[in-house]
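Values in this text are rule-based calculations from the coordinates and carry no lab data. All figures in this text were calculated on a predicted structure; none of them were measured in a lab. Every residue, glycine as well, gets a Cβ built from its backbone with ideal geometry; the counts of neighbours run over all protein chains shown.
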Amino acid sequence: MNQKNFFFRNLEKTVGIFASLALFAIIASALYIAWENDYFASTYELVFTVQKGTGFTKGMPVKLSGFRVGKVNSIALNDQAMVEVKLQIYKKYRKWIREDSEARLVKEGLIGDFIIEITAGSGNARTIEDKGVIRFVKGRGVEELAADMAENVRPILVEVRQLLSYLNNPEGDVRQTVKNIRLLSGNLEATRQNADMLLMTANAEAARVSGKLSATLENADSTVRKLQPLIENSDSSISLVNRKLPVILEKIDSSLTNLEKISILATESAEKNLPLLPGLLQDGGELLKNGNDIMNAAKGVWPIRSYFSGTPEGLMIKGDSRD
C-alpha cells in the first residue's frame, strides 16, 4: 500500500509538471504572437472624416508603402452626420506620416480586401501629432469604375456589331468567299474521284510491269545459273594461268637475256668482220675466174674433152669478181 501511494504521488507530480510546461508554452506562444502583431507596441491616433462609410470596417489594416503600420480603431458618425474614422498607428512609423500625407481607401489586388493606404509625407512637412487629422482623398468607387469600363467597352461593342453585320451580308466578301469555297470543294471531290481512278489504273499497270519484271528476273536467274559453270571454268583457267604465267615469264626473261647476249656478240662479230668482207669477195671472184679458166683449159685436153662435150651451156655458172 505504501508503494502504491508513493507511485501515485510521483504520477501526480509528473502530470503537474507537464501541465505547467504546457501552460507556459501556450502563454509564451500567445505573447509571441501578440509581439509579432505589435499588440504591445505603443500607438497614437489619427482621424479623418468621409461622407459615406461604405467599404470601411473596424480592424481594417492601414498600410504605408506596403507595410502594415496600424489599423482602423473605430468608425462612427459625428455631429455633422459625417463618418469619422479613427486610425490606430504604431509610433515607430510616425516619422513618415506628415501633414502632407494622404489616406485613401484602396483594394489590394483585383479581388483582394479593402485597406487604407497612407502616402509618405515630404521631409519639409511636420509630423502629425496624436489625435491629429489626416487628409482623406476619395478614391474612385465601383460605380465610377463601372462607368469608365462601359465607356471603354462601348466602342468595342460598336465595332463588333459592324463586324457581325459585315459577316452576315449576303453580298459581302465573306459570303461570296464561302460560296466559292463550296464550289471549290465540289470540284475537289470530282478531282479526287479522277485521282482515285488514275491510282487504280497505275496500280494495275504496276502489277503488270511487276509480273513482267518477275519473269525477266527468273530468266536472268536461269541464265546466271547456266553461266555459273563457265564462270567456274574461267576461274580454274585463270587460276592455272596465274600459276603458269610466272614460269613462262621467267623463261621469256631468260630468252630475252640470251637473245640480248647473242645480239651483242653478233654486233661485235660484224664490227670485226665487215672490214674484211670486200677483200674476201674480191678473192672469191678471182678464184671463180681462175676456176673457169681451168675448166675451159681442161675442156681442150683430149682425155677430158669427151666428158664435157654433152654439157649444156646453161649448166655453166657465170660469175665475176663481184659475185
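General observations
- Ranking of 149, 82 by count of other Cβ atoms within 10 Å, fewest first: 149, 82
- Positive-end ranking of 60, 80, 96 along the dipole of the range 21-134, with charges on Cβ about the Cα centre, is headed by 96.
- Per-residue ³J(HN,Hα) for the range 204-209, Karplus 6.51 cos²θ - 1.76 cosθ + 1.60, θ = phi - 60°, Hz, x for Gly and Pro: 4, 5, 5, 5, 5, 4
- Compared with the alpha-carbon gap, the fully stretched path from residue 289 to residue 176 is longer by 27.3 nm at 0.36 nm per residue.
- Residue pairs, from the table 95/138; 52/92; 71/131; 58/92; 91/138; 63/92, whose Cα atoms sit over 19 Å apart: 95/138; 52/92; 58/92; 91/138
- Loop trypsin sites (Lys or Arg not before Pro), the range 61-133 (other Cβ atoms within 10 Å of the site Cβ: 11 or fewer; DSSP): 126, 131
- Under 5 Å between amide hydrogens, built in the peptide plane, is the criterion, and for residue 43 it picks out 91 among residues at least 5 positions away or on other chains.
- Placing +1 on the Cβ of every Lys and Arg and -1 on the Cβ of every Asp and Glu, with nothing else charged, gives the range 42-139 a dipole about its Cα centre of roughly 260 debye.
- Sorting 90, 166 by the number of Cβ atoms found within 10 Å of their own Cβ, with the fewest placed first, yields 166, 90.
- Proximity of backbone amide H atoms, modeled 1.01 Å from N, is registered between residue 69 and 62, 63, 64 at under 5 Å, excluding neighbours fewer than 5 places apart on the same chain.
- All Cα pairs of the range 184-263, percent lying beyond 21 Å: 69 percent
- Residue-normalised convex hull volume from the C-alpha trace of the range 42-139: 96 Å³ per residue.
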